[in-house]
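Below: the structure, in structure tokens.
Read-outs: derived from the displayed coordinates by stated rules, not from any lab. Being a predicted model, the structure only gives us computed values, none of them experimental. Here the Cβ positions follow ideal geometry from the backbone for every residue, glycine too, while neighbour counts run over all protein chains shown.
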Amino acid sequence: MREITNLANQVIKYCNMFHIVFNIIFLVIITVLLIHFLIDEEKIITTKGKIKSIKNDKCTETTTFIPDKYGGHQGHNFNCTINVEYTDNTDIPHSIELNTTDKDHEVGETVLIDYSKKDPTRATYRSEFVTILFVLGILAFLLLSVGTFIRLFYKDNRWVRVWIGWTCFRDFIR
């Protein structure tokens with residue numbers, strides 16, 4: 001029985017080290033991506049713009065069948081060329097033609113625009129997806145940080161050992 005306990009302890013120890021190494025790798029990747037995002041955010045200003053017109057009076061919708069293990073579903077992609085008016089931080093109005101692919105737009109709709117601090121005429125459409133990704137990146141960073149801290153400094157705690165064992169068992173099953 002003692003040999004089985006020693007073997008289980010060794011497996012938990014090595015599995016914990018494996019998780020710590022990969023957590024640190026993912027923390028570095030997430031940190032680089034978040035820093036890159038924040039550096040880009042320093043170069044731009046986000047403002048609201050109003051859609052004045054849409055090329056061909058509507059967005060083009062493409063529907064594709066996306067197969068999955070339960071049969072599949074329809075995926076919808078939109079291709080819009082919109083004419084947007086916005087004002088920069090010096091209250092100078094600008095008009096620009098932008099392409100979007102995230103959703104169907106309508107004339108008069110308010111959208112988010114990112115424009116360069118150096119040249120306010122250089123603007124891009126800002127999807128809501130960007131903000132969601134940033135928040136998810138922060139949450140992933142926090143959860144990985146807490147998990148790594150617990151794995152490093154509380155690995156001898158009984159409940160932490162149960163958690164480490166459970167995560168190792170889950171990884172082994174997959």
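Here is how the numbers come out for the structure above:
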| item | result |
| --- | --- |
| Rel. contact order, % - alpha carbon contacts under 8 angstrom, at least six apart, region 16-174 | 24 percent |
| Inter-centroid distance (Cα atoms) of region 131-146 relative to region 77-97, Å | 31 Å |
| Dipole magnitude of the chain, debye to nearest 20 (Cβ charges: Lys/Arg +1, Asp/Glu -1, about Cα centre) | 1060 debye |
| Other-chain or far-sequence residues with amide H under 5 Å of ARG126's (modelled H) | LEU112, ILE113, ASP114 |
| Under 5 Å, built H, 5+ apart or other chain: amide partners of HIS105 | CYS59 |
| Placed amide H near ASP88: partners under 5 Å, 5+ positions off or other chain | HIS94 |
